[in-house]
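Scroll down for the structure; my scribbles are underneath it.
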There are 2 protein chains.
Amino acid sequence: MTSSPYWTSGDGRAALYAGDSLAVLAGLPDQCVDTVLTDPPYSSGGAFRGDRAAQGTVAKYLDSGNTGRWRDMAGDNRDQRAYAYWCALWLAECLRVTRPGGVIMLWTDWRQLPTTTDALQAGGWVWRGVVPWAKPDARPQAGRFRNACEYVVWGSAGAMLHDLTAPCLPGWYDATAPRNRVHPTQKPLSVTRGLVRVAPPSGLVLDPFAGSCTTGLAALLEGRRFLGVELVEDYLEAGALRLGAIITDPDDPQLDLFGQAEAAP
Amino acid sequence: MTSSPYWTSGDGRAALYAGDSLAVLAGLPDQCVDTVLTDPPYSSGGAFRGDRAAQGTVAKYLDSGNTGRWRDMAGDNRDQRAYAYWCALWLAECLRVTRPGGVIMLWTDWRQLPTTTDALQAGGWVWRGVVPWAKPDARPQAGRFRNACEYVVWGSAGAMLHDLTAPCLPGWYDATAPRNRVHPTQKPLSVTRGLVRVAPPSGLVLDPFAGSCTTGLAALLEGRRFLGVELVEDYLEAGALRLGAIITDPDDPQLDLFGQAEAAP
DNA sequence: CCTCTCGATGAATCCATCT
DNA sequence: AAGATGGATTCATCGAGAG
């Protein structure tokens with residue numbers, strides 16, 4: 001690693017890096033990660049480029065009245081082609097740092113779903129499927145179908161490991177978005193915990209757009225290790241706080257972030 | 001219409017045409033249809049070309065041992081480019097025969113979802129959203145996410161009619177595929193009935209790949225009219241039988257397939 | 001009529017073995 | 001070598017039949 005982490009858990013189970021994903025990923029060794037789970041900035045919303053560029057993230061995703069609570073997300077105003085190209089870049093970098101057979105999962109919405117599957121494959125991954133999750137509290141619209149679902153696009157680094165002892169995971173989830181959020185597009189912990197179970201036990205989960213570290217929280221709670229990257233200082237701080245709150249027991253098994261699990265001395 | 005229908009309900013509420021969709025659609029007048037709901041052959045399955053082009057589409061999707069129960073579907077063996085091109089062709093024809101503001105809905109699976117949204121827009125429609133439906137009895141696979149959802153991609157012929165009195169429709173459905181099927185990929189009637197409710201009351205619903213006419217059944221049960229096209233003789237016969245079974249009351253309001261609803265004389 | 005068990009099934013996918 | 005074939009595998013759900 002070229003840079004030193006913004007925060008580590010102390011027990012080797014989690015680390016958080018400040019900076020641009022592409023730059024930080026470039027400093028990671030090949031095939032050190034088991035699973036990637038991330039929520040890239042969507043660049044969704046308006047149908048035209050002007051709509052997307054005009055406002056920051058906070059005004060775009062939320063009803064008026066809530067603006068002012070959150071920082072704008074970095075890199076959320078690209079046009080469609082640039083977005084796909086940029087995704088392919090960091091997805092290719094994620095592929096390099098992931099072990100063969102490792103799984104990637106990308107949160108996306110209905111409008112960006114086709115772009116996401118394209119970018120995933122452009123980055124060299126094998127697209128394996130889509131896992132919807134339904135928000136029962138979605139806003140109703142007269143005369144049309146309620147926009148109730150978001151999606152997780154998933155794939156693998158080449159052929160999947162043919163482990164017939166691993167359990168089959170659910171094909172869809174049902175959850176309300178968290179009420180008390182630290183981040184404007186924060187995902188439900190219940191769904192995230194379900195998703196990280198594709199990672200091997202005590203495997204390393206990477207999130208190059210860590211935000212407030214829901215992925216990290218889920219990974220640790222499910223007995224996996226976590227490596228997060230985030231650009232915005234405020235979210236790094238909030239994420240470290242959330243992760244630190246559950247890393248309290250110094251007698252937990254000591255783990256090396258880039259190595260194997262080992263028992264405490 | 002150039003050709004005469006294979007079957008009509010007698011009361012003007014439903015008609016079934018034999019033949020290739022593109023040919024039959026070409027014989028329809030402009031803007032005579034309110035809503036399109038159809039389940040085209042997906043040409044899906046497998047990561048390799050050979051898996052898609054497998055001899056017999058029934059053998060492709062079902063376990064050996066169950067392959068003798070059904071006729072193969074027509075046109076389920078296109079490669080990716082040909083599938084997108086062919087979809088764009090009939091989708092453009094559907095757009096021509098649909099009234100401005102009319103809605104289209106297309107059943108698809110996870111693998112063909114992005115191609116379907118591309119083809120929809122290539123055909124001139126405005127893509128409006130995705131409605132997943134979950135089948136809890138989907139086949140599981142060890143160590144990966146169950147492939148439990150299929151999708152309905154929907155859009156509109158230009159701007160949507162702004163009818164604020166129309167009810168809001170669900171954003172996802174939950175249903176098991178019917179056990180006692182007439183067609184190998186028959187869709188649940190419950191979901192189909194939910195979907196046709198986007199059509200205006202007594203509006204005309206078109207299905208250019210009618211199969212065993214679940215769309216028609218749903219349309220009639222929800223008080224809409226139905227126009228179906230199907231290529232395979234066996235399915236035409238089964239579809240006519242299913243539709244005929246619910247058109248029993250000669251005192252039903254008399255409707256003209258291409259006109260307005262009118263009371264019986 | 002209700003409850004329970006048992007068997008069958010799936011718009012798959014992977015892999016070994018052929019042509 | 002590339003394509004075709006056949007067998008094995010996952011488990012929630014449904015229907016049939018028994019109790």
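Of the residues making up the range B:79-108, those that are charged (D, E, K, R) and either under 12 Å from B:Pro208 (Cα atoms) or free of Cβ contacts under 8 Å to residues at least 12 places away in the same chain (or both) are B:Arg81, B:Glu93. Does B:Val24 count as away from DNA strand C (no atom under 11 Å from the Cβ), touching a Leu at 6+ places or on another chain (Cβ under 7 Å), modelled with pLDDT of 85 or more and β-branched (Val, Ile, Thr)? Criteria not met by B:Val24.
Scanning the range A:151-195 for residues that are among the charged types (D, E, K, R), outside any helix (DSSP H, G or I) and within 22 Å of A:Gly223 (Cα to Cα) yields A:Asp163, A:Lys187.
Scan the range B:123-169 for residues that are at the interface with chain A (Cβ under 8 Å from one of its Cβ atoms), acidic (Asp, Glu) and under 20 Å from B:Leu113 (Cα atoms) and the total you get is 0.
The residues of the range A:178-225 that are in contact with an Asp or Glu (Cβ under 7 Å, 6 or more places away or on another chain) and either within 14 Å of chain B (Cβ to nearest Cβ) or surrounded by fewer than 20 Cβ atoms within 10 Å (Cβ to Cβ) (or both), listed by number, are A:Arg193, A:Val196, A:Arg197, A:Ala199, A:Pro200, A:Gly203. The single condition among (1) surrounded by fewer than 16 Cβ atoms within 10 Å (Cβ to Cβ); (2) of a type in the set (Lys, Arg); (3) within 16 Å of DNA strand C (Cβ to nearest atom) that B:Arg81 does not meet is (3). The C-beta contact set for the range B:38-63 (first residue within 14 Å of chain A (Cβ to nearest Cβ), second residue near DNA strand C (Cβ under 9 Å from one of its atoms) and modelled with pLDDT of 85 or more, distance under 6 angstrom, 6+ apart or interchain) comprises B:Ser44/B:Asp109; B:Ser44/B:Arg111; B:Ser44/B:Gln112; B:Gly45/B:Lys60. Screening the range B:43-150 for helices (runs of 4 or more DSSP H) wholly inside it with 2 or more residues that are more than 16 Å from DNA strand D (Cβ to nearest atom) returns the ranges B:80-97, B:113-122. Among the residues of the range B:105-122, the ones that are over 16 Å from the mean Cα position of the chain (by Cα) and facing chain A (nearest Cβ under 9 Å) come to 5 in all.
The values are calculated or read from the model by the stated rules, or taken from the named source; none is laboratory data. All of these numbers come straight from a predicted model, not from anything done at the bench. Because the Cβ atoms are built from the backbone with ideal geometry, glycine has one as well, and the counts that use them run over all protein chains shown.
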